[in-house]
Amino acid sequence: MKKLIKDDFYKSVKEVLEAARSNVYRAVNFAMVKAYWNIGKLIIEQEQSGEHRAEYGKHLIKELSKRLTRDYGKGFNERNLWYMKNFYFIFPKVNALRAELTWTHYRLLLKVEKENARNFYLNEAVDSNWSTRQLERQINSLYYERLLSSKDKKPVLEEAKQSTLPAKPEDLIKDPYVLEFLNLKENKHLLEKDLETELLSKVQAFLLELGKGFSFVARQFRISVDSDHFYIDLVFYNYILKCFLLIDLKIGKLTHKDIGQMDFYVRYAEDNIKVEGDNPTIGLILCTEKNETIVKYSVLNENKQMFASRYKLYLPTEEELARELRQELELIRAERKEERL
């Protein structure tokens, strides 16, 4: 059958839609950037009117963070408010802000101490349409300093071009800060692989069916450190053990990177999630490789023997987890095979 729509016509329609999506994103993003600039301005003006400015400013941001978080969500933690304050201080003219850059771009630029370098990265990010990850890479690799000191600048420029690709609108729209600003829920389909998603659902149900004190807390629990965002697959609390259980699922072989990441999650939970009276957080990595499950328990601090013995009683054994994960993996793959027939 002859095609009714020519490729060049369809391409033109796609370009209209992509341009519209990009324009909508940039409009929302720039409104957010200006809002954060104005919040920074208000904070500084309020601090200047208070006595003992340093101490007053610290308490001001702490109280403001509590109230904004209550009303608008987790995008207004103390660290982010400090960034807003510095944002106004370093970029004092609102008409000099660039609509092409996101709040995450500006947070990265605020870390560049030298004004000349900061302006260079800002202009390059706009001209080359750098994503936040690309901007971060160039800053961390001292691109400006290497270019400045190099007699032969061509290799440095070529390296930068090879390591950067223009950001696509769909990549930009995932920015967690934009989602928080608009009070939208994150699209978990952008964050999870299909097979992992199905397996996580089974693991979640399995642990809850076991009973033994498990209480479900969150799925794809996001933690933010500076401009980086990480997602813990599953978070439970065990009210018998009085501790959090963090679970990460990996399709394939366990790597040292996976273990390091879980160690980071556990340490973060110890400092930011656990409350007084809780026992140390437990990290659990599930990996599938050659029909086997590799299970690693990562407990941050040394535990009393009583606690070590107790969590063996209430957590599923490696054999139980291996059997459950293997069975569910085989079922999911069989169902997918049937769907393709």
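The values are calculated or read from the model by the stated rules, or taken from the named source; none is laboratory data. Please read these numbers as outputs of a predicted model, since none were measured by experiment. Methodologically, a virtual Cβ is constructed for each residue, glycine included, from the backbone with ideal geometry; neighbour enumeration extends over all protein chains shown.
Using the structure shown, decide if A167 is at pLDDT below 65, crowded, with 17+ Cβ neighbours inside 10 Å, over 24 Å from I232 (Cβ atoms) and over 22 Å from the mean Cα position of the chain (by Cα). Here the answer is no, as A167 does not meet what is asked. Going by the conditions given, is L68 under 25 Å from the mean Cα position of the chain (by Cα) and surrounded by 14 or more Cβ atoms within 10 Å (Cβ to Cβ)? When the stated conditions are applied, L68 passes them.
Each row is one residue, and each column tells you yes or no for (1) under 30 Å from Y143 (Cα atoms); (2) in contact with a Phe, Trp or Tyr (Cβ under 9 Å, 6 or more places away or on another chain); (3) in the same structural domain as R146 (by TED's automatic domain parsing).
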| residue | (1), (2), (3) |
| --- | --- |
| I43 | no, yes, yes |
| E47 | no, yes, yes |
| L60 | no, no, yes |
| K74 | no, no, yes |
| N77 | no, no, yes |
| Y106 | yes, yes, yes |
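Among the residues making up region 276-302, those that are of a type outside the set (V, I, T), modelled with pLDDT of 75 or more and surrounded by 15 or more Cβ atoms within 10 Å (Cβ to Cβ) are D278, N279, P280, G283, L284, L286, C287.
Are any residues in region 199-240 in a helix (DSSP H, G or I) and in contact (Cβ under 8 Å) with a residue 12 or more places away in the chain, and if so, which ones?
Looking only at region 199-240, we keep the residues that are in a helix (DSSP H, G or I), and these are 199-210.
Residues satisfying the conditions are L199, L200, K202, V203, Q204, F206, L207, L210.
Could you list all residues from region 86-117 that are of a type in the set (K, R) and buried (at least 20 other Cβ atoms within 10 Å of the Cβ)?
Keep residues of region 86-117 that are of a type in the set (K, R), which gives 93, 98, 107, 111, 114.
Selection gives R107 alone.
How about region 249-275: which of its residues are at pLDDT below 85 and either surrounded by 12 or more Cβ atoms within 10 Å (Cβ to Cβ) or part of a loop (DSSP other than H, G, I, E, B) (or both)? If the condition is that a residue be at pLDDT below 85 and either surrounded by 12 or more Cβ atoms within 10 Å (Cβ to Cβ) or part of a loop (DSSP other than H, G, I, E, B) (or both), then L249, K250, I251, G252, K253, L254, T255, D258, I259, V275 are the ones that fit.
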